[in-house]
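Chemist: Below is a structure I'd like to ask you about.
The values are calculated or read from the model by the stated rules, or taken from the named source; none is laboratory data. Keep in mind it's a predicted model, so treat the numbers as computed, not measured. Cβ placement follows ideal geometry from the backbone for every residue including glycine, while neighbour counts extend to all protein chains displayed.
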Amino acid sequence: MSRQDGLTTKSFRRRGTVSVPKVTLAHGGGGQAMRDLIDDVFISCFDNPLLANLDDQARLSLSDLTRDGDRLAFTTDSYVVDPLEFPGGDIGKLAVAGTINDLAVGGARPLHLSCAVIIEEGIEVDLLRRLARSMAATAAAAGVTIITGDTKVVGRGACDKLFITTSGIGVIRAGLDTGPHRIRQGDAVIVSGWLGDHGAAILNARGDLALSASIASDCAPLNGLIDDLLAVCPEVRFIRDPTRGGLASVVNEIAEATGLGIELDEASIPIRPEVRGMCEILGLDPLYLANEGKVVCVVAQDATELALAALQRHAIGAKASVIGRAVAEPRGRVIMETTFGGRRIVDMLIGEQLPRIC
Amino acid sequence: MKFVDEFRDAYKARILRAEIERLVGRIEICRYRPLQIMEVCGGHTHTIFRYGISQMLPDAVELVHGPGCPVCVLPMGRVDDCVAIAEVPGVIFTTFGDAMRVPGSRKSLMQAKADGADVRMIYSPLDALELARRHPCNEIVFFGLGFETTMPSTALTVLQAEAEGIENFSIFCNHITIIPTIKAILDSPDLRLDGFLGPGHVSMVIGTRPYEFIPMLYGRPVVVAGFEPLDILQSIWMVLRQLSEKRQEVENQYRRIVPRDGNAAALGAINRVFELREFFEWRGLGSIDHSGVRMRRSYARYDAEKKFAVPAVSIADPKACQCGEVLKGVIKPHQCKVFGTACTPETPLGALMVSTEGACAAYYQYGAIGELLERKAAMP
């Protein structure tokens, strides 16, 4: 947010509002119009003591941070999605949940986010207000605050309606160690629910497929679910959220990093019938579709039941399932036992999935 | 999922596999060498790899992955023509998704799009016609691609454009025909195939009669097959049954879709709009007589080849490519000199590495699991 005049303080300044329906380049000029836009759209939703000073930086107390753990986690991600609003979410919810999830899968408790927006002139102010409210609600539900930000407005065609970049910091629980280096042969691979919902919802929401399926994105913060998992199973070997590239990419990364094989059982991979149907029609593979509210975790064989039960007790983990295990051979590859009784390799996605001609 | 899961039943698959094994014992050739059955259609290749069907078969049965992927067999010169048309100012070039990545000699359509050409992925030629209605000041070109499967929809779209008097719409016609291609494979001197799985969707249009020359003149059985894994297993079993009974016929496994005489309305539309070319260039197979169609003269105003000055330069396949030998079953994809090294799905040299329906890309993507695992381990 822009630096404020030193003479005014938060308590005396009247909050600005935008009275025009659409954002223009004037709102990016650094003057009153820009301050009004920031006040009206963002400050009114994100309000918290760290943000309200509108300094060039948020200042955090170190002692507050060290209460929760012994290491900081820091991450950043940019969000570009078309359309901006889709069943189950919008770019705002995605930008907050996505960065929270990147922290949470590292075993961190997410605390604070920054939010930088690049706005294309001509976007409706009401849409921006809705998206900011969605960001605020998502952050509040996850117990995270948005404490600093930046706003830019660019000319038509210089960006596609709205780009959002969020960075986040979180604190990693003392003693927690997750990562591929801890995975052993025989460990179980678990997913926390239906796969592919987000990718399918976005494809469907673009509307050019003329499919009448109602598929909602799974977009959600995962820190609550991961808290529950770590509470009963602090020995979890590995946690990751299968976003772009889907499940297939995550399990391939595991196989590559560990040198172990991963054996998947197609029949136990939870995929909604609507998503399967859509993939059948378009010739896509749901294993490569993006998820925005799922975890893939690896746990020791004897902890499987405990971990599974913890995930299933949570509202967004009800369909959690064991989908495979780490095996000695073939080294570094992912194999899937198909529902048909055959076996095939599941490889990394090459480029982008393109619908097939026939 | 209804009407899908029934065709993927693992229990029925086990029964079929046992039956296939039983038949293999009765076929004389199998005592000397493995049987080679070609699935002509890329859709079949995809199913075979996706469900691991090759690994379910006894060692004595080998599947050879045929030329039936229209995206794969598109020669570089034609892709260059696409790019040239797409780069004309005011043109909106529309294409099916998987043709975006096919490499030309300079660039693919995806690269042309990145360089500023207006290239759009669509799901039906009717989407292209809709663009023509919405953008009367642009010329909308549809990349007509595929065998007889997609030919009727292109033809009907042209007829629709004519009926509505839409003039800013044209087809860059690269449709190809299946029968001359199968014949070219049968005529090759190093042919080793013992039978064919005939394409399902093509046959829905042309029927099963056009294949009758294969058993009659070449003595090879043909079974027109569906696309679900049980369809494929059953069709393989039907080919083996013919071989064990020393019969050579055209049989139709995909009877729920394919009529013997094809679809008269679809064939009518094709004949109205298209005519055979003297020859058409294929990636990996070279020039094949009468294997492609072009727009009839009466539809010249919808023919992008007439509307635009296309370079139409023939570009030779890279020398290192052994696509032709793979297509004919002489070698397997991984035995090609450049497989997985110079030729990968990210940087395909040869036709078969281009689309997921191509044999080499399928081998690369889904893996020839046999090289990694003992066959026995894959068979419970």
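Chemist: Hey, among A:ASP68, A:ASP40, which residue is assigned to a loop (DSSP other than H, G, I, E, B) and in contact (Cβ under 8 Å) with a residue 60 or more places away in the chain?
Modeler: Only one candidate passes the filter, namely A:ASP68.
Chemist: Looking only at segment A:174-222, which residues are over 20 Å from A:THR304 (Cα atoms) and touching a Pro at 6+ places or on another chain (Cβ under 6 Å)? Explain how you work it out, then say what you get.
Modeler: Step one: list which residues in segment A:174-222 are over 20 Å from A:THR304 (Cα atoms), which gives A:174-175, A:196-221.
Within segment A:174-222, A:GLY196, A:ALA201, A:ALA205, A:ALA216 qualify.
Chemist: Determine which single condition A:LEU354 fails, assuming it passes every other condition in (1) surrounded by 22 or more Cβ atoms within 10 Å (Cβ to Cβ); (2) hydrophobic (A, V, I, L, M, F, W, C); (3) at the interface with chain B (Cβ under 8 Å from one of its Cβ atoms).
Modeler: (1)
Chemist: Select from segment A:151-175 the residues that are within 25 Å of A:LEU225 (Cβ to Cβ) and at pLDDT below 95 and write down the one among them that is surrounded by the most Cβ atoms within 10 Å (Cβ to Cβ).
Modeler: A:ARG173
Chemist: Moving on to the next point. Return the total of residues in segment A:3-38 being modelled with pLDDT under 90 and acidic (Asp, Glu).
Modeler: Number of matching residues: 1.
Chemist: Of the residues A:VAL346, A:VAL327, A:VAL322, which single one is in contact with a Leu (Cβ under 8 Å, 6 or more places away or on another chain), surrounded by fewer than 19 Cβ atoms within 10 Å (Cβ to Cβ), within 14 Å of chain B (Cβ to nearest Cβ) and touching a residue at least 24 places away in the same chain (Cβ under 8 Å)?
Modeler: A:VAL327
Chemist: Would it be correct to say that B:ASP59 is in contact (Cβ under 8 Å) with a residue 60 or more places away in the chain, of a type in the set (Asp, Glu) and in a helix (DSSP H, G or I)?
Modeler: no
Chemist: Also, quick follow-up: For segment A:66-87, enumerate the residues that are buried (at least 18 other Cβ atoms within 10 Å of the Cβ) and either modelled with pLDDT under 85 or in contact with a strand residue (DSSP E or B) (Cβ under 7 Å, 6 or more places away or on another chain) (or both).
Modeler: A:GLY69, A:ALA73, A:THR75, A:TYR79, A:LEU84
Chemist: Residues being in a loop (DSSP other than H, G, I, E, B), surrounded by fewer than 23 Cβ atoms within 10 Å (Cβ to Cβ) and modelled with pLDDT under 95: count how many of those fall in segment B:157-187.
Modeler: Number satisfying all stated conditions: 1.
Chemist: Here's a follow-up. Given the structure, is B:ILE15 β-branched (Val, Ile, Thr), free of Cβ contacts under 8 Å to residues at least 24 places away in the same chain and more than 9 Å from chain A (Cβ to nearest Cβ)?
Modeler: In short, yes.
Chemist: If B:THR154 satisfies all but one of (1) within 13 Å of chain A (Cβ to nearest Cβ); (2) at pLDDT 95 or above; (3) assigned to a strand (DSSP E or B), what's the number of the condition it fails?
Modeler: Looking at each condition in turn, B:THR154 falls short on (3).
Chemist: Among the listed residues B:ALA132, B:ALA117, B:ALA112, which satisfies the condition of being within 16 Å of B:THR154 (Cβ to Cβ) and out of contact with any Leu (no Cβ under 6 Å at 6 or more places or on another chain)?
Modeler: B:ALA132
Chemist: Starting from segment B:311-331, take each residue that is more than 16 Å from B:LEU191 (Cβ to Cβ) and surrounded by 16 or more Cβ atoms within 10 Å (Cβ to Cβ) and list its partners that are hydroxyl-bearing (Ser, Thr, Tyr) and modelled with pLDDT of 85 or more, counting only C-beta distances under 7 angstrom and pairs at least six apart or across chains.
Modeler: Matching pairs, first to second residue: B:ILE315/B:SER105.
Chemist: Regarding segment B:38-56, can at least one residue be identified that is of a type outside the set (Lys, Arg), more than 14 Å from chain A (Cβ to nearest Cβ), crowded, with 24+ Cβ neighbours inside 10 Å and touching an Asp or Glu at 6+ places or on another chain (Cβ under 6 Å)? Spell out the reasoning first.
Modeler: To start, the set of residues in segment B:38-56 that are of a type outside the set (Lys, Arg) comprises B:38-49, B:51-56.
Keeping just the survivors that are more than 14 Å from chain A (Cβ to nearest Cβ) gives B:38-39.
Right, trim to crowded, with 24+ Cβ neighbours inside 10 Å and you get B:38-39.
Next, from what is left, pick out any that are touching an Asp or Glu at 6+ places or on another chain (Cβ under 6 Å): none.
No, the conditions are met nowhere in segment B:38-56.
Chemist: Given (1) more than 14 Å from chain B (Cβ to nearest Cβ); (2) assigned to a strand (DSSP E or B), identify the lone condition not met by A:ILE262.
Modeler: Against the list (1) more than 14 Å from chain B (Cβ to nearest Cβ); (2) assigned to a strand (DSSP E or B), A:ILE262 comes up short only on (1).
Chemist: Just the residues that are surrounded by 24 or more Cβ atoms within 10 Å (Cβ to Cβ) and of a type in the set (D, E, K, R), please, taken from segment A:176-208.
Modeler: A:ASP187, A:ASP197
Chemist: Give me the residue from segment A:299-319 that is among the polar types (S, T, N, Q) and within 20 Å of A:TRP194 (Cα to Cα) and, out of that set, surrounded by the fewest Cβ atoms within 10 Å (Cβ to Cβ).
Modeler: A:GLN312
Chemist: Do you know which residues across segment A:51-65 are assigned to a helix (DSSP H, G or I) and touching a strand residue (DSSP E or B) at 6+ places or on another chain (Cβ under 8 Å)?
Modeler: Answer for segment A:51-65, where residues must be assigned to a helix (DSSP H, G or I) and touching a strand residue (DSSP E or B) at 6+ places or on another chain (Cβ under 8 Å): A:LEU51, A:LEU65.
Chemist: Return yes or no: is A:LEU354 under 30 Å from B:THR149 (Cα atoms) and touching a Phe, Trp or Tyr at 6+ places or on another chain (Cβ under 9 Å)?
Modeler: Criteria met by A:LEU354.
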